[in-house]
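A.B. asks: Here it is, the structure, as structure tokens.
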Amino acid sequence: MSELGALIRQLQSRFVRSAEPHRVFDALLPELLRLGQSEYGFIAEVWRDTDGGPYLKIFTLSNIAWDADSRAMVERERISGMEFHNLQTLFGAALVTEEPVIANDAPNDPRSGGGLPPGHTALNTFLGVPLHYGSELVGMIGLANRQPGYDEALLTQLDPLFQSMAGIIASVQIDRQRRAAESALRVSEERWRRSFEMAGAGIAQTASDGRLLEVNARFCDIVGRPRQQLLSMRFQELTHPDDIAADEDLLRRLVAGALPHEGGASHEKRYLRPDGSILWVQIIASAAFDAQGRFLHAVTVVLDIDQRRHAQVALQEREALFTKLADRVPGVLLQFNVDTQGIARVPYASRGLRELFELEPDGAVRNDARLMIERVAKGQRKRVWETLERAGQELTAWSIEFEVDLPVRGRRWVEAHGSPERLPDGSTTWHGYISDITERKCADAALVSAQAAARANEAKTEFLSRMSHELRTPLNAVLGFTQLLLGDPQAPLQDGQRARLGHIERAGQHLLAMIGDVLDLSRIETGSLLLTLQAISVRALVDESFALVLPTARAGGVTLLQRASGNLQVQADPTRLRQVLVNLLSNAVKYNRPGGQVVVETEAVDEHTVRLAVTDTGTGLTPSQQMHLFEPFNRLGAERSSIEGTGLGLAITLRLVELMNGRISVHSQPGSGSTFGIELPRAQSPSAPTEVTAVNLVPAAADSTSHSVLYAEDNRLNIELVQQLLLLRSGCELRVAHNGREAIASARSHPPDLLLIDMHLGDMTGLDVLAALRNDAALAHVPRIALSADALPQNVRAARESGFDEYLTKPVDVAELLRCLDRHLAVKRPGR
């Protein structure tokens, strides 16, 4: 026993010193064979396969190799440990039963299995001893060929050694398991650390008081601070002040275990970076607890959502802007969807749908577009739907105008535009815009009417122009020759002849006045009458107007009186105001009684207005006559009397007064006369009075200089009139050109001292003649006088702008024409 005890101590000492089980058991096996009087044997460890079945892994084995191959196998697997998995053997029986196996007739023992390989050392007796550490099978000892065999006494003798060996094997297993666990822990920690540091999201571990216990590199990047600095901070120092309370509440619930361990809690917050910028993040927080359920730390996963958040804000802003724009656009923006079954919906419509169709954009129309279609005027629904379907089939733009009938606003015109899109589900959506065009339609209709009226006015103006020209041309001869006869001192007339010529002249002047009135009324109606408003002395203008109607007043035995309150001035066109006064005075004289009076009173209504009142002592007007007083061509029954008139004077008077920013009124009683009042804007300073040159048909004094006048005219009577007129100017040679080409040729071959040109020649206009002569140096300083029956202001203006020095209208005023000739021929010209 003392020898066995020494062997046990030696075994334990070697294990403590070496801790290598192969070396310990290599040294032990020979001693064990000696004590057990055995030829060969092994010491092995029990391992378990994946199914939990036992197999042996040899620590040490007697060298019983019987050939080169077996020796090589033993040497090769000596260190790594030879494994035995076959349990149909004697040692397998010990493993399975976990009980010692004694086989003293091994070759014939039924537990020996299929025998030994050829050449193997004979196995006569066998002892297999399972080694237990506690209840755990940890190893096995196998001994062979003891003579005469093995027994229980040997087992009892060696049991202390076997127990010691079991402890050593158990220690080896425990150490291996410890080292495996440490290695696995190191691998796990390394894997965790690698995952922790390389994670795409920020990760932080936080204590219950908010201290940061651990952070990864991504978290440092997100908050913009180094790891060492963060580990000395609390999360509150990184958090936006407005988000701290929510974070602290979350941490309290995590510490208290009030949140589920799986999944954690998530919300969005803001971090403050060192540069002052703010970063939006999403955090997912969960709590870690130990085995006893005590809080260890909070784990927070941090995702940078700053760009997403800004994109969301930008998207929200764009959506708000679009909504604002869509709601304020005059009309409705909408999406109109028709599915494969033909069911129509309105997924989106702006606020304008309320006004345009009197439907709520978020109401039933979203799922039933028939509510919208029913607003279309009944006779137009088929056309609208057919054009919509055709555009959807062809995927072409849709544009249409139609009418809608609304419950409140009644019938309105709308215009629709849409662009179709085929969706994956086969339905078609139109993205469109509908606007109210009722006002435009009305404006278009008004424009068409205005254009028609303009064309009618143009036609009327053209007709009046032609009529004026055709009437003025013969009147030119009538009045011109009459004035020559009446004013020619070399051929005095008898009283009867002079009276008859006076009748002719008055009739011609009346016809001329009627033509002028018609043209004035036409120009007023078309807005082409030009006025020049200036300060005018009312007293002077009344005196001039009296002078014009005085002969008629004397002939009718009517007295003209003026009662003026100071020297008042008005802002008006002097020519047109004189025309107004003459019209009113002429009517007051014509419709007066013999011995009657016409009184013109002038007074200041206030600091801004002057009133002129023309009062007569005539027959007066009935209320019915006053209602139609200012209608064109309505003479109120006077056409059945001997009093001459056109019925245009008062109509023109009314419009002229209104054009001069004034107003006219009438007060009359049948049998008591009438008063016509005119109110005009008051002016502060009068214009200088216009000097009037007296008519003089006396031949001018003889001039030592002779003058040539080239007259371009295609009318024989007009030519004869000018020839007779120039007989009153000695020294004037008249050359006549009967058309434009003849006038151009004559002017170039023999430049005249004055050009007198009719505006309507047979082959061209007077403007064409002037244009042809404009660049002729020899004619550069020759006066150019237009003489025409065309009295329209725009034509007169065009002639003056083209280079005519003066423009005289037919019928010609003989005295005015002579003054014009005298004025231009008296000027000394270069080279003359």
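The values are calculated or read from the model by the stated rules, or taken from the named source; none is laboratory data. Computed from a prediction, not measured in an experiment: that's the story for all the values here. No Cβ is skipped: glycine too gets one built from the backbone with ideal geometry, and neighbour counts run over all protein chains shown. With ligands, DNA and RNA removed, areas are computed over all heavy atoms of the protein, side chains included. Shrake-Rupley method; radii C 1.70, N 1.55, O 1.52, S 1.80 Å.
A.B. asks: Work out, step by step, the length gained on full extension between GLU75 and ARG663: first 0.36 nm times the residue separation, then minus their alpha carbon distance; give nm to one decimal.
C.D. replies: The span from GLU75 to ARG663 would gain 197.7 nm if fully extended.
A.B. asks: Grab the eigenvalues of the alpha-carbon gyration tensor for the chain, scale each by 5, take roots, and send me the semi-axes largest first in whole angstrom. Kindly include the intermediate steps, with their values, before the conclusion.
C.D. replies: Numbers: eigenvalues 3907, 219, 164 Å².
Calculated on Cα positions only, the semi-axes equal 140, 33, 29 Å.
A.B. asks: Counting only the heavy atoms of the protein chains, how much of CYS220 is accessible to a 1.4 Å probe, in Å² to the nearest 10?
C.D. replies: For CYS220, the solvent-accessible surface is approximately 20 Å².
A.B. asks: Leaving out ligands and nucleic acids, note down the accessible area per residue over the chain with a 1.4 angstrom probe, in whole Å².
C.D. replies: Ligands and nucleic acids excluded, the figure is 53 Å² per residue.
A.B. asks: Using only the alpha-carbon atoms, how far is helix 740-749 inclined from the longest principal axis of the chain? Give it as 0 to 90 degrees, nearest 10.
C.D. replies: Tilt of helix 740-749: around 80 degrees.
A.B. asks: Which ³J(HN,Hα) values, rounded to whole Hz and listed in residue order, are derived for the stretch 20-30 from phi using the Karplus coefficients 6.51, -1.76 and 1.60 in 6.51 cos²θ - 1.76 cosθ + 1.60 with θ = phi - 60°, glycine and proline given as x?
C.D. replies: Ordered by residue, 3J(HN,Hα) equals 9, x, 4, 5, 5, 7, 4, 6, 7, 4, x Hz.
A.B. asks: Consider a paramagnetic label point 7 Å from the Cα of ARG308 along Cα→Cβ; state which residues of the stretch 270-300 have an amide N under 18 Å from it.
C.D. replies: Under 18 Å, as judged by backbone N against the label point of ARG308, lie 270-271, 279-286, 300 of the stretch 270-300.
A.B. asks: Relative contact order for the stretch 768-832: what is it in percent, counting Cα pairs under 8 Å that are at least 6 residues apart?
C.D. replies: Working: 47 pairs, mean separation 21.1, N = 65.
So the answer I get is 32 percent.
A.B. asks: Sticking with this structure for a sec: Ranked by accessible surface with a 1.4 Å probe, highest first, in what order do SER586, SER135, SER435 come?
C.D. replies: The most accessible residue leads, giving SER135, SER586, SER435.
A.B. asks: Could you tell me the number of lysine pairs in the chain with C-alpha atoms less than 28 Å from each other, where the two lysines are 8 or more residues apart or belong to different chains?
C.D. replies: Taking the chain as the scope, the lysine pair count is 6.
A.B. asks: Sum up the charges of everything whose Cβ sits under 12 Å from the Cβ of ALA397, counting Lys and Arg as +1 and Asp and Glu as -1, but leave ALA397 out.
C.D. replies: Local net charge: -1.
A.B. asks: Helix 381-394 versus the longest principal axis of the chain: what angle, 0 to 90°, nearest 10, using Cα atoms?
C.D. replies: Result, in degrees: 50.
A.B. asks: Just to check I understand the Karplus step: with θ = phi - 60° and J = 6.51 cos²θ - 1.76 cosθ + 1.60, what whole-Hz values come out for the stretch 552-569, glycine and proline as x?
C.D. replies: Each residue's phi maps through the Karplus curve to give 5, 5, 4, 4, x, x, 10, 9, 9, 10, 10, 10, 10, 9, x, 8, 7, 10 Hz.
A.B. asks: Which whole-Hz ³J(HN,Hα) couplings does the stretch 781-791 yield from phi under the Karplus relation 6.51 cos²θ - 1.76 cosθ + 1.60, θ = phi - 60°, glycine and proline marked x?
C.D. replies: Once θ is set to phi - 60°, the couplings for the stretch 781-791 become 9, 7, x, 10, 10, 8, 10, 8, 7, 7, 9 Hz.
A.B. asks: Order the following by accessible area, largest value first: SER399, SER171, SER788. Probe radius 1.4 Å; ligands, DNA and RNA are ignored.
C.D. replies: Accessible-area ranking of SER399, SER171, SER788, largest first: SER399, SER171, SER788.
A.B. asks: Please work out how much accessible surface ARG351 shows to a 1.4 Å probe, ignoring ligands, DNA and RNA, in Å² rounded to 10.
C.D. replies: Rounded to the nearest 10, that gives 110 Å².
A.B. asks: For a protection proxy built on the mean count of beta-carbon atoms within 10 angstrom, sort 547-555, 205-213 highest first, please. The partial results should precede the final answer.
C.D. replies: Details: 547-555: 14.1, 205-213: 16.1.
Put in order of decreasing packing, that is 205-213, 547-555.
A.B. asks: Let me ask something additional. Taking 0.36 nm per residue of sequence separation and subtracting the Cα-Cα distance, how much length would be gained by fully extending the chain between GLU394 and ARG191, in nm to one decimal?
C.D. replies: Length gained, GLU394 through ARG191: 66.9 nm.
A.B. asks: To continue, here is another question. Among GLN163, GLY803, ALA103, which residue has its Cα furthest toward the positive end of the charge dipole of the chain, with +1 on Lys/Arg Cβ and -1 on Asp/Glu Cβ?
C.D. replies: It is GLY803.
A.B. asks: Once the whole set of protein chains is in place, how much accessible area is left on ARG354, using a 1.4 Å probe, in Å² to the nearest 10?
C.D. replies: That residue has around 100 Å² of solvent-accessible surface.
A.B. asks: Rounded to a whole number, what % of the accessible area of the chain do carbon and sulfur atoms account for, probe 1.4 Å?
C.D. replies: Numbers: 23050 of 43890 Å².
Answer for the chain: carbon and sulfur cover 53 percent of the accessible area.
A.B. asks: Could you sort 568-579, 713-724 so that the peptide with the highest average Cβ count within 10 Å comes first and the rest follow in order?
C.D. replies: 568-579, 713-724
A.B. asks: Against the longest principal axis of the chain, how steep is helix 152-198, in degrees 0 to 90 to the nearest 10, with axes from Cα atoms?
C.D. replies: Value to nearest ten degrees: 10.
A.B. asks: Figure the gain on full extension for LEU493 and SER135 (residue separation times 0.36 nm, minus the Cα-Cα span) and round it to one decimal in nm.
C.D. replies: That works out to 111.5 nm of additional length.
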